[in-house]
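Contents: one structure, followed by commentary.
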Amino acid sequence: SGALFGLSLLVRGALCVVYFLRCSLRLHERMLAATLRQTMGWFDTTPVGRVLNRFGNDVMFMDIMLPMLFQMWSLSLGRVVIIIIFAGVTAPPALVLSLLLLLMAKSVYKVYGLLAVDVQRLQMMSLSPLIAAQSGFLGALDTIRCFDRVDVFVNRFANHQGAFIKCFYWGLTLDRTIQCIFTSIAITLFYGGVAAMLLVLGRSDNHPFTEMVTPGTAGVILAYCSLLAFQAPMVIFMTARVETMMAACQRIAEYKDLPTEAQGTVAVEPEASWPTRGKLVLSNVQMRYQDHLPLVLKGVTIEV
(Lines give C-alpha, C1' and ligand atoms only; values in the text may rest on other atoms or scores of the structure.)
Protein backbone atom coordinates (compact mmCIF):
# COMPACT_ATOMS: atom_id res chain seq x y z
CA SER A 1 0.00 0.00 0.00
CA GLY A 2 2.85 2.37 0.81
CA ALA A 3 4.51 1.66 -2.56
CA LEU A 4 1.24 2.26 -4.42
CA PHE A 5 0.70 5.53 -2.57
CA GLY A 6 4.23 6.67 -3.39
CA LEU A 7 3.78 5.64 -7.03
CA SER A 8 0.50 7.55 -7.26
CA LEU A 9 2.15 10.67 -5.86
CA LEU A 10 5.00 10.33 -8.36
CA VAL A 11 2.65 9.92 -11.31
CA ARG A 12 0.43 12.79 -10.15
CA GLY A 13 3.41 15.10 -9.68
CA ALA A 14 4.91 14.20 -13.08
CA LEU A 15 1.62 14.72 -14.91
CA CYS A 16 1.02 18.02 -13.14
CA VAL A 17 4.50 19.35 -13.96
CA VAL A 18 4.34 18.22 -17.60
CA TYR A 19 0.89 19.76 -18.07
CA PHE A 20 1.82 23.16 -16.64
CA LEU A 21 5.17 23.24 -18.43
CA ARG A 22 3.52 22.57 -21.77
CA CYS A 23 0.97 25.30 -21.13
CA SER A 24 3.74 27.69 -20.11
CA LEU A 25 5.76 26.85 -23.22
CA ARG A 26 2.83 27.51 -25.55
CA LEU A 27 1.93 30.80 -23.86
CA HIS A 28 5.57 31.93 -23.84
CA GLU A 29 6.00 31.21 -27.54
CA ARG A 30 2.84 33.11 -28.49
CA MET A 31 3.66 36.00 -26.15
CA LEU A 32 7.17 36.27 -27.64
CA ALA A 33 5.80 36.20 -31.19
CA ALA A 34 3.25 38.92 -30.39
CA THR A 35 5.82 41.08 -28.59
CA LEU A 36 8.34 40.92 -31.44
CA ARG A 37 5.62 42.07 -33.87
CA GLN A 38 4.73 45.21 -31.88
CA THR A 39 5.19 48.70 -33.29
CA MET A 40 7.95 51.05 -32.25
CA GLY A 41 5.32 53.23 -30.58
CA TRP A 42 4.43 50.34 -28.30
CA PHE A 43 8.06 49.85 -27.28
CA ASP A 44 8.43 53.59 -26.69
CA THR A 45 5.41 53.77 -24.35
CA THR A 46 5.74 50.41 -22.56
CA PRO A 47 8.22 50.34 -19.64
CA VAL A 48 11.04 47.86 -19.99
CA GLY A 49 10.44 46.57 -16.47
CA ARG A 50 6.89 45.60 -17.36
CA VAL A 51 8.06 43.54 -20.33
CA LEU A 52 10.83 41.92 -18.27
CA ASN A 53 8.29 41.17 -15.53
CA ARG A 54 6.08 39.30 -18.02
CA PHE A 55 8.94 37.24 -19.43
CA GLY A 56 10.61 36.79 -16.02
CA ASN A 57 8.44 36.51 -12.93
CA ASP A 58 5.16 35.61 -14.63
CA VAL A 59 6.74 32.81 -16.65
CA MET A 60 8.59 31.62 -13.53
CA PHE A 61 5.28 31.46 -11.65
CA MET A 62 3.85 29.23 -14.37
CA ASP A 63 6.94 27.03 -14.61
CA ILE A 64 7.72 26.54 -10.91
CA MET A 65 5.22 28.00 -8.47
CA LEU A 66 1.93 27.02 -10.10
CA PRO A 67 2.65 23.24 -10.42
CA MET A 68 3.93 23.08 -6.83
CA LEU A 69 1.03 25.05 -5.37
CA PHE A 70 -1.52 23.06 -7.38
CA GLN A 71 -0.16 19.78 -6.01
CA MET A 72 -0.19 21.08 -2.42
CA TRP A 73 -3.70 22.50 -2.89
CA SER A 74 -5.11 19.26 -4.26
CA LEU A 75 -3.48 17.24 -1.47
CA SER A 76 -4.80 19.56 1.29
CA LEU A 77 -8.27 19.66 -0.24
CA GLY A 78 -8.37 15.87 -0.44
CA ARG A 79 -7.42 15.57 3.22
CA VAL A 80 -10.16 17.98 4.28
CA VAL A 81 -12.77 16.12 2.25
CA ILE A 82 -11.67 12.75 3.71
CA ILE A 83 -11.79 14.11 7.27
CA ILE A 84 -15.30 15.51 6.80
CA ILE A 85 -16.57 12.31 5.16
CA PHE A 86 -15.06 10.17 7.90
CA ALA A 87 -16.62 12.31 10.62
CA GLY A 88 -19.99 12.23 8.85
CA VAL A 89 -19.95 8.44 8.39
CA THR A 90 -18.82 7.67 11.93
CA ALA A 91 -21.06 10.24 13.62
CA PRO A 92 -23.69 11.52 11.10
CA PRO A 93 -24.70 14.52 13.24
CA ALA A 94 -21.14 15.84 12.83
CA LEU A 95 -21.80 16.09 9.10
CA VAL A 96 -24.09 19.08 9.74
CA LEU A 97 -21.29 20.97 11.45
CA SER A 98 -18.92 19.99 8.67
CA LEU A 99 -21.24 21.50 6.07
CA LEU A 100 -21.57 24.65 8.17
CA LEU A 101 -17.78 24.86 8.31
CA LEU A 102 -17.56 24.61 4.52
CA LEU A 103 -20.15 27.36 4.11
CA MET A 104 -18.20 29.56 6.51
CA ALA A 105 -14.97 28.88 4.64
CA LYS A 106 -16.67 29.78 1.36
CA SER A 107 -17.92 33.07 2.84
CA VAL A 108 -14.45 33.93 4.12
CA TYR A 109 -12.85 33.09 0.78
CA LYS A 110 -15.22 35.38 -1.14
CA VAL A 111 -13.66 38.36 0.63
CA TYR A 112 -10.16 37.01 1.10
CA GLY A 113 -9.77 35.76 -2.48
CA LEU A 114 -10.58 39.14 -4.03
CA LEU A 115 -8.25 40.97 -1.65
CA ALA A 116 -5.42 38.49 -2.26
CA VAL A 117 -5.68 38.83 -6.04
CA ASP A 118 -5.72 42.65 -5.86
CA VAL A 119 -2.72 42.73 -3.52
CA GLN A 120 -0.84 40.35 -5.82
CA ARG A 121 -1.55 42.61 -8.79
CA LEU A 122 -0.31 45.63 -6.86
CA GLN A 123 2.81 43.69 -5.97
CA MET A 124 3.47 42.85 -9.62
CA MET A 125 2.79 46.47 -10.63
CA SER A 126 5.28 47.71 -8.03
CA LEU A 127 7.86 45.18 -9.23
CA SER A 128 7.89 46.43 -12.84
CA PRO A 129 9.35 49.92 -12.10
CA LEU A 130 11.86 48.31 -9.74
CA ILE A 131 13.20 46.05 -12.50
CA ALA A 132 13.13 48.94 -14.99
CA ALA A 133 15.06 51.18 -12.58
CA GLN A 134 17.70 48.51 -12.02
CA SER A 135 18.22 47.79 -15.74
CA GLY A 136 18.25 51.51 -16.61
CA PHE A 137 20.70 52.29 -13.82
CA LEU A 138 23.13 49.59 -14.93
CA GLY A 139 22.80 50.49 -18.62
CA ALA A 140 23.49 54.20 -18.12
CA LEU A 141 25.89 53.92 -15.21
CA ASP A 142 28.74 55.76 -16.95
CA THR A 143 26.51 58.68 -17.94
CA ILE A 144 24.97 58.90 -14.46
CA ARG A 145 28.41 59.05 -12.87
CA CYS A 146 29.61 61.59 -15.42
CA PHE A 147 26.81 64.02 -14.49
CA ASP A 148 27.06 63.20 -10.76
CA ARG A 149 23.47 61.94 -10.51
CA VAL A 150 24.13 58.72 -8.63
CA ASP A 151 22.29 59.87 -5.50
CA VAL A 152 19.17 60.73 -7.49
CA PHE A 153 18.99 57.30 -9.09
CA VAL A 154 19.78 55.54 -5.82
CA ASN A 155 16.96 57.39 -4.06
CA ARG A 156 14.60 56.59 -6.91
CA PHE A 157 15.52 52.91 -6.71
CA ALA A 158 15.03 52.96 -2.94
CA ASN A 159 11.54 54.45 -3.38
CA HIS A 160 10.58 51.73 -5.87
CA GLN A 161 12.02 49.08 -3.56
CA GLY A 162 10.07 50.48 -0.61
CA ALA A 163 6.81 50.39 -2.59
CA PHE A 164 7.41 46.75 -3.53
CA ILE A 165 8.28 45.77 0.05
CA LYS A 166 5.16 47.54 1.31
CA CYS A 167 2.92 45.57 -1.07
CA PHE A 168 4.67 42.32 -0.15
CA TYR A 169 4.29 43.08 3.56
CA TRP A 170 0.56 43.75 3.33
CA GLY A 171 0.02 40.64 1.22
CA LEU A 172 1.79 38.50 3.82
CA THR A 173 -0.10 40.24 6.64
CA LEU A 174 -3.42 39.56 4.92
CA ASP A 175 -2.62 35.85 4.58
CA ARG A 176 -1.61 35.45 8.21
CA THR A 177 -4.56 37.48 9.50
CA ILE A 178 -7.13 35.39 7.64
CA GLN A 179 -5.50 32.16 8.78
CA CYS A 180 -5.44 33.27 12.43
CA ILE A 181 -9.05 34.53 12.38
CA PHE A 182 -10.39 31.44 10.64
CA THR A 183 -8.45 29.09 12.91
CA SER A 184 -9.32 30.85 16.16
CA ILE A 185 -13.04 31.30 15.43
CA ALA A 186 -14.34 28.85 12.82
CA ILE A 187 -12.19 25.85 13.70
CA THR A 188 -12.67 26.40 17.43
CA LEU A 189 -16.45 26.49 17.04
CA PHE A 190 -16.40 23.43 14.79
CA TYR A 191 -14.18 21.39 17.07
CA GLY A 192 -16.14 22.42 20.16
CA GLY A 193 -19.44 21.62 18.45
CA VAL A 194 -18.28 18.15 17.40
CA ALA A 195 -17.00 17.43 20.93
CA ALA A 196 -20.25 18.63 22.51
CA MET A 197 -22.32 16.58 20.07
CA LEU A 198 -20.31 13.44 20.77
CA LEU A 199 -20.66 14.05 24.51
CA VAL A 200 -24.44 14.43 24.27
CA LEU A 201 -24.84 11.40 22.03
CA GLY A 202 -22.58 9.33 24.28
CA ARG A 203 -24.55 10.07 27.45
CA SER A 204 -27.97 9.55 25.88
CA ASP A 205 -29.34 6.17 24.84
CA ASN A 206 -32.55 7.31 23.16
CA HIS A 207 -31.21 7.97 19.66
CA PRO A 208 -30.42 5.85 16.58
CA PHE A 209 -26.64 6.49 16.88
CA THR A 210 -26.16 4.71 20.20
CA GLU A 211 -24.07 1.88 18.80
CA MET A 212 -22.04 4.18 16.53
CA VAL A 213 -20.95 6.71 19.16
CA THR A 214 -18.57 4.90 21.50
CA PRO A 215 -15.55 6.19 23.39
CA GLY A 216 -13.31 4.70 20.70
CA THR A 217 -15.12 6.23 17.73
CA ALA A 218 -15.42 9.55 19.57
CA GLY A 219 -11.65 9.63 20.11
CA VAL A 220 -10.97 8.83 16.46
CA ILE A 221 -13.37 11.56 15.28
CA LEU A 222 -11.79 14.16 17.56
CA ALA A 223 -8.32 13.13 16.42
CA TYR A 224 -9.24 13.54 12.76
CA CYS A 225 -11.12 16.78 13.38
CA SER A 226 -8.06 18.21 15.13
CA LEU A 227 -6.23 17.91 11.81
CA LEU A 228 -8.87 20.19 10.34
CA ALA A 229 -7.52 23.08 12.41
CA PHE A 230 -4.42 23.03 10.21
CA GLN A 231 -5.80 21.76 6.91
CA ALA A 232 -8.83 24.06 6.53
CA PRO A 233 -6.87 27.36 6.74
CA MET A 234 -4.23 25.82 4.51
CA VAL A 235 -6.86 25.01 1.86
CA ILE A 236 -8.12 28.60 1.91
CA PHE A 237 -4.56 29.94 1.68
CA MET A 238 -3.61 27.54 -1.14
CA THR A 239 -6.78 28.33 -3.08
CA ALA A 240 -5.98 32.03 -2.93
CA ARG A 241 -2.36 31.37 -3.94
CA VAL A 242 -3.42 29.29 -6.94
CA GLU A 243 -5.82 32.04 -8.00
CA THR A 244 -3.11 34.70 -7.71
CA MET A 245 -0.73 32.53 -9.70
CA MET A 246 -3.40 32.23 -12.39
CA ALA A 247 -3.31 36.03 -12.56
CA ALA A 248 0.20 35.60 -14.01
CA CYS A 249 -1.30 33.44 -16.75
CA GLN A 250 -3.85 36.16 -17.37
CA ARG A 251 -1.14 38.80 -17.77
CA ILE A 252 0.77 36.57 -20.20
CA ALA A 253 -2.44 35.96 -22.16
CA GLU A 254 -2.94 39.73 -22.42
CA TYR A 255 0.46 40.08 -24.10
CA LYS A 256 -0.27 37.06 -26.27
CA ASP A 257 -3.43 38.71 -27.61
CA LEU A 258 -1.89 42.12 -28.31
CA PRO A 259 -2.67 43.49 -31.78
CA THR A 260 0.48 43.04 -33.85
CA GLU A 261 2.00 45.11 -36.60
CA ALA A 262 1.02 44.17 -40.14
CA GLN A 263 3.20 41.62 -41.86
CA GLY A 264 5.83 43.12 -44.15
CA THR A 265 4.55 42.87 -47.71
CA VAL A 266 5.72 44.38 -50.99
CA ALA A 267 3.01 46.00 -53.11
CA VAL A 268 4.99 45.82 -56.35
CA GLU A 269 7.69 43.26 -57.00
CA PRO A 270 10.81 44.94 -58.43
CA GLU A 271 12.53 43.69 -61.54
CA ALA A 272 15.44 41.32 -61.30
CA SER A 273 17.85 44.00 -62.54
CA TRP A 274 16.71 46.55 -59.94
CA PRO A 275 18.28 48.90 -58.97
CA THR A 276 19.86 50.15 -62.16
CA ARG A 277 20.63 53.64 -60.79
CA GLY A 278 21.57 54.72 -57.31
CA LYS A 279 18.77 57.21 -56.67
CA LEU A 280 16.44 57.81 -53.70
CA VAL A 281 13.38 60.06 -53.96
CA LEU A 282 11.07 61.04 -51.09
CA SER A 283 8.08 63.02 -52.26
CA ASN A 284 5.76 64.89 -49.84
CA VAL A 285 6.55 62.61 -46.84
CA GLN A 286 4.42 63.10 -43.72
CA MET A 287 5.23 61.16 -40.53
CA ARG A 288 4.28 61.16 -36.85
CA TYR A 289 5.42 59.10 -33.88
CA GLN A 290 1.93 57.90 -32.98
CA ASP A 291 -1.55 58.20 -34.41
CA HIS A 292 -2.71 60.76 -31.84
CA LEU A 293 0.43 62.95 -32.01
CA PRO A 294 1.03 65.87 -34.40
CA LEU A 295 3.10 65.51 -37.53
CA VAL A 296 6.86 65.85 -37.18
CA LEU A 297 7.57 65.61 -40.91
CA LYS A 298 5.26 67.76 -43.02
CA GLY A 299 5.55 67.41 -46.76
CA VAL A 300 9.27 66.60 -46.91
CA THR A 301 10.64 66.07 -50.43
CA ILE A 302 14.20 64.80 -50.87
CA GLU A 303 16.06 63.52 -53.88
CA VAL A 304 19.41 61.82 -53.35
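The values are calculated or read from the model by the stated rules, or taken from the named source; none is laboratory data. Predicted model, so just to flag it, every value in this text is computed and none were measured. Reconstructed Cβ throughout: ideal geometry from the backbone, glycine too, with neighbour counts over all protein chains shown. Surface areas here come from the heavy atoms of the whole protein model, side chains and all, with no ligands, DNA or RNA. Shrake-Rupley method; radii C 1.70, N 1.55, O 1.52, S 1.80 Å.
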Report task. Would you mind telling me which residue in PHE147, PHE164, PHE20 has the biggest mean-square fluctuation in a Gaussian network model of the chain, where springs connect alpha carbons within a distance under 10 angstrom? Result -> PHE147
Query - Ranked by how many other beta carbons lie within 10 Å on average, peptides 39-48, 219-228 from highest - result: 219-228, 39-48
Query raised in the report: Using Cα pairs under 8 angstrom and six or more residues apart, how large is the relative contact order of segment 75-165, in percent?
Result: 23
**Report entry** Alpha carbon Rg of segment 109-226, scaled by the compact-globule rule 2.2 N^0.38 Å
**Finding:** 2.06
Report summary line: Restricting to aspartates and glutamates and to Cα separations under 15 Å from LYS279, and discarding same-chain partners fewer than 8 apart, the set is GLU303
Report summary line: Sequence order, segment 100-105: Karplus ³J(HN,Hα) from phi using 6.51 cos²θ - 1.76 cosθ + 1.60, θ = phi - 60°, Hz rounded, Gly and Pro as x, gives 4, 5, 5, 5, 5, 5
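If the chain between VAL304 and GLN161 were fully stretched, how many nm would it gain, using 0.36 nm times the residue separation less the Cα-Cα distance?
Working: separation 143, 0.36 × 143 = 51.48 nm, distance 5.19 nm.
Once the chain is fully extended between VAL304 and GLN161, it gains 46.3 nm.
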Requested in this report: Taking Rg/Rh (Cα atoms, Kirkwood Rh) as the quantity of interest, determine which of (i) 1.21; (ii) 1.07; (iii) 0.93 was computed from the displayed structure.
Outcome: (i)
Report task. Determine the relative contact order of the chain: mean sequence separation of Cα pairs under 8 Å and six or more apart, normalised by residue count, in whole percent. Result -> 30
Query raised in the report: Separation between the THR217 and LEU4 pseudo-spin-labels, each 7 Å from Cα along Cα→Cβ, expressed in nm?
Result: 2.6
Query raised in the report: What ³J(HN,Hα) values, in whole Hz, does the Karplus curve 6.51 cos²θ - 1.76 cosθ + 1.60 give for segment 32-38 when θ = phi - 60°, with x put for Gly and Pro?
Result: 5, 5, 5, 5, 5, 9, 7
Query raised in the report: Tell me, Kirkwood radius of segment 220-304 from alpha-carbon pair distances, in Å?
Result: 20.5
Query - Surface per residue (accessible, 1.4 Å probe) for the chain, Å² - result: 64
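If I take R0 = 45 Å and measure r between the Cβ atoms of LYS106 and LEU293 in this structure, what FRET efficiency does the formula 1/(1 + (r/R0)^6) give, to the nearest 0.05? Please list the in-between numbers first.
Numbers: r = 50 Å, r/R0 = 1.12.
For R0 = 45 Å, the calculated efficiency reads 0.35.
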Requested in this report: Would you work out the relative contact order for segment 16-152, in percent, from Cα pairs under 8 angstrom that are 6 or more residues apart?
Outcome: 39
Query raised in the report: Cross-link partners among aspartates and glutamates for LYS106, C-alpha distance below 17 Å, same-chain residues fewer than 8 apart left out?
Result: ASP175, GLU243
**Report entry** In Hz, Karplus ³J(HN,Hα) per residue of segment 190-202 (6.51, -1.76, 1.60; θ = phi - 60°; x = Gly, Pro)
**Finding:** 5, 5, x, x, 5, 5, 5, 5, 5, 5, 5, 5, x
Query raised in the report: Given the rule -39500 (n - 2.57) for each run of at least 4 DSSP H residues, summed and divided by the residues of the chain, what is its mean residue ellipticity at 222 nm, to the nearest 500 deg cm²/dmol?
Result: -25000 deg cm²/dmol
Query raised in the report: Where the accessible area of segment 1-88 is counted over protein heavy atoms with a 1.4 Å probe, how much of it, in %, is carbon and sulfur?
Result: 75
Query raised in the report: ASP63 to ILE181: extension gain in nm, 0.36 nm per residue of separation minus the Cα-Cα distance?
Result: 39.3 nm
Query raised in the report: Protein chains only, probe 1.4 Å: how do VAL235, VAL300 rank by accessible area, largest first?
Result: VAL300, VAL235
Report summary line: Helix 150-181 sits off the longest principal axis of the Cα atoms of the chain, rounded to the nearest 10 on a 0 to 90 degree scale, by 20
Report task. Pull up all non-local amide H partners of GLN38: gap of 5 or more, or a different chain, and H-to-H distance under 5 Å with H placed in the peptide plane. Result -> GLU261
